[in-house]
Amino acid sequence: MLIPILILWLLCGCAPERPGLVVQSYPFSPKGKTILVQHFDFNPELAASVDRGAVAGFGESIALDIQRFLKDAGFRYPLVIAPGEQAKGDILVRGTITRVYGGDVQQRMLAESSGFGATEVKASGEMVDLATSRSILAFSFSKQSHYTWLDNEKAVRENLREVAEEVVTALIQMQP
């Protein structure tokens, strides 16, 4: 009797991956365009279950990850800029990290297959055509990593990289 209950608990307890949201305003090809990536807004005081000092630079980190993924995808010269910094380009990627939750590494070690101790990072933002000041694309992504034995700070850093990769994938899929 205990085994079927345990199996049911494991199957029902798994946390599903939340889908991202991408809304494209109008057709636009980023091919051959100069892409600027602004540091994402992030208040480390919003972070929970992590050392706030370890995540303080997440706004810059996600911008650097997006830049790296853009270079890997063949975009030439993506440039990271600080908020308020003036730079010339064609597309500006900007956003806000809205949640950083470190979860519980001990819970992940004991019951990771059921989603316990999951870490989570949420970010939303937009891509703007700088020539017209129009929003080309808006996005919102949430990434969880409950299948890791990393400490909380490393696990949320992994989530942040996954969000950056999703942002670049959304930009690449805009190409006609």
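The values are calculated or read from the model by the stated rules, or taken from the named source; none is laboratory data. The model shown is predicted, which means the values in this text are computed figures rather than measured ones. Glycine gets a Cβ as well: all are built from the backbone with ideal geometry, and neighbour counts include every protein chain shown.
Selection of region 97-113 for residues being modelled with pLDDT of 70 or more and of a type outside the set (A, V, I, L, M, F, W, C) yields T98, R99, Y101, G102, G103, D104, Q106, Q107. Restricting A138, A164, A170, A63 to those that are out of contact with any Cys (no Cβ under 7 Å at 6 or more places or on another chain) and either at pLDDT below 90 or not in a helix (DSSP H, G or I) (or both) reduces the list to A138.
Matching residues to (1) closer than 16 Å to E158 by Cα; (2) touching a strand residue (DSSP E or B) at 6+ places or on another chain (Cβ under 9 Å); (3) surrounded by 14 or more Cβ atoms within 10 Å (Cβ to Cβ):
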| site | (1), (2), (3) |
| --- | --- |
| A63 | yes, yes, yes |
| G74 | no, no, no |
| K88 | no, yes, no |
| I91 | no, yes, yes |
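Suppose we keep only residues that are small (G, A, S) and touching a helix residue (DSSP H, G or I) at 6+ places or on another chain (Cβ under 9 Å) within region 117-141. Which one would you say is farthest from E165 (Cα to Cα)? Talk me through it step by step, then tell me what you get.
Kept after step one, since they are small (G, A, S), are these residues of region 117-141: 117-118, 123-125, 131, 133, 135, 138, 140.
Narrowing further to those that are touching a helix residue (DSSP H, G or I) at 6+ places or on another chain (Cβ under 9 Å): 117-118, 123, 125.
Details: G117: 23, A118: 20, A123: 12, G125: 14 Å.
Checking each candidate, the answer is G117.
I'd like to verify a number: residues in region 46-74 that are in contact (Cβ under 8 Å) with a residue 24 or more places away in the chain and either closer than 19 Å to A118 by Cβ or small (G, A, S) (or both), how many? So the count comes out to 13.
Residues that are among the aliphatic types (A, V, I, L, M) and in contact with a Gly (Cβ under 8 Å, 6 or more places away or on another chain) within region 27-71 comprise I35, L36, A47, A48, V50, I62, listed in sequence order.
This table checks each residue for (1) surrounded by 13 or more Cβ atoms within 10 Å (Cβ to Cβ); (2) modelled with pLDDT of 90 or more.
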{"residue": "P4", "(1), (2)": "no, no"}
{"residue": "C12", "(1), (2)": "no, no"}
{"residue": "L21", "(1), (2)": "no, no"}
{"residue": "K31", "(1), (2)": "no, no"}
{"residue": "Q38", "(1), (2)": "yes, yes"}
{"residue": "D41", "(1), (2)": "yes, yes"}
{"residue": "S49", "(1), (2)": "yes, no"}
{"residue": "R52", "(1), (2)": "yes, yes"}
{"residue": "F58", "(1), (2)": "yes, yes"}
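Would you be able to say whether some residue in region 142-158 is at pLDDT 90 or above and touching a helix residue (DSSP H, G or I) at 6+ places or on another chain (Cβ under 7 Å)? Checked region 142-158: at least one residue is at pLDDT 90 or above and touching a helix residue (DSSP H, G or I) at 6+ places or on another chain (Cβ under 7 Å).
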